[in-house]
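Visitor: A single structure is presented below for examination.
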């Protein structure tokens, strides 16, 4: 029941945000909330759908988080910036590049923090059907020099298949992984 209620509210709120994006990713292990603010809506010199300020909150179950210390925090927060563009050579393809700051406090002391740089891709499949289908993914990486506190590195990857039920209202299936091994002091 809760999943149906959250999916319905997601579809409703996605229409309220216009060119901004609000995303709720749910499964039986975690909840992942995203908010993307389209800077083209606030600044006339920026083209809409091209520059976004992003925020994210991820709360995972302790077993899914696979933390070295089971008492550590299973919360990850992010703030980021992404620039994206559509391709004239490949209609339906949107590519973006960005960076973000990821942070999670550890109850055992210290924190995990990093500034990963990444790419995002979305492609609208060229089928002549009423409901558009999308396939896409992302990859963010921060080597040791961009990983701070107790982080050795940060790597995030995602692949997804979307059904666009209404304009900017998607039903998504996919896989996400985040790796942030920690150093001991």
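The values are calculated or read from the model by the stated rules, or taken from the named source; none is laboratory data. If you're wondering where the values come from, they're calculated on a predicted model, not measured in any experiment. Backbone-built Cβ (ideal geometry, glycine too); neighbour counts: all protein chains shown.
Visitor: Go through the stretch 135-148 and give me each residue that's part of a strand (DSSP E or B) and modelled with pLDDT under 95.
Guide: Those that are part of a strand (DSSP E or B) and modelled with pLDDT under 95: 147, 148.
Visitor: How about the stretch 149-164: which of its residues are part of a strand (DSSP E or B) and modelled with pLDDT of 90 or more?
Guide: Hits for the stretch 149-164 are 154, 155, 156, 157, 158, 159, 160, 161, 162, 163, 164.
Visitor: Follow-up question, since we're still on this one. Would you mind finding the one in 142, 105, 147, 114 that is under 25 Å from residue 60 (Cα atoms) and in contact with a helix residue (DSSP H, G or I) (Cβ under 8 Å, 6 or more places away or on another chain)?
Guide: Unique residue meeting the criteria: 114.
Visitor: Between a residue in the stretch 90-109 that is under 26 Å from residue 144 (Cα atoms) and any residue that is at pLDDT 90 or above and not in a strand (DSSP E or B), which pairs come within a Cβ distance under 8 Å, given they are 6 or more apart or on different chains?
Guide: 99/115; 99/116; 100/115; 100/116; 101/115; 102/115; 102/116
Visitor: Go through (1) at pLDDT below 90; (2) under 26 Å from residue 74 (Cβ atoms); (3) out of contact with any strand residue (DSSP E or B) (no Cβ under 6 Å at 6 or more places or on another chain) for residue 112 and report which single condition fails.
Guide: The single condition residue 112 does not satisfy is (3).
Visitor: Next question, about the same structure. So residue 131 passes all but one of these: (1) over 27 Å from residue 28 (Cβ atoms); (2) part of a loop (DSSP other than H, G, I, E, B). Which condition number does it fail?
Guide: Here residue 131 clears every test but (1).
Visitor: Could you give every pair whose Cβ atoms fall below 7 Å, whose first residue belongs to the stretch 111-137 and is without any contact (Cβ under 8 Å) to a residue 12 or more places away in the chain, and whose second residue is in a strand (DSSP E or B), counting only separations of at least 6 or pairs across chains?
Guide: The qualifying pairs are 127/133.
Visitor: Return yes or no: is residue 85 surrounded by 12 or more Cβ atoms within 10 Å (Cβ to Cβ), closer than 20 Å to residue 133 by Cα and either at pLDDT 85 or above or touching a strand residue (DSSP E or B) at 6+ places or on another chain (Cβ under 8 Å) (or both)?
Guide: yes
Visitor: Return only the number of the condition from (1) buried (at least 16 other Cβ atoms within 10 Å of the Cβ); (2) closer than 19 Å to residue 156 by Cβ; (3) at pLDDT 70 or above that residue 72 does not satisfy.
Guide: (3)
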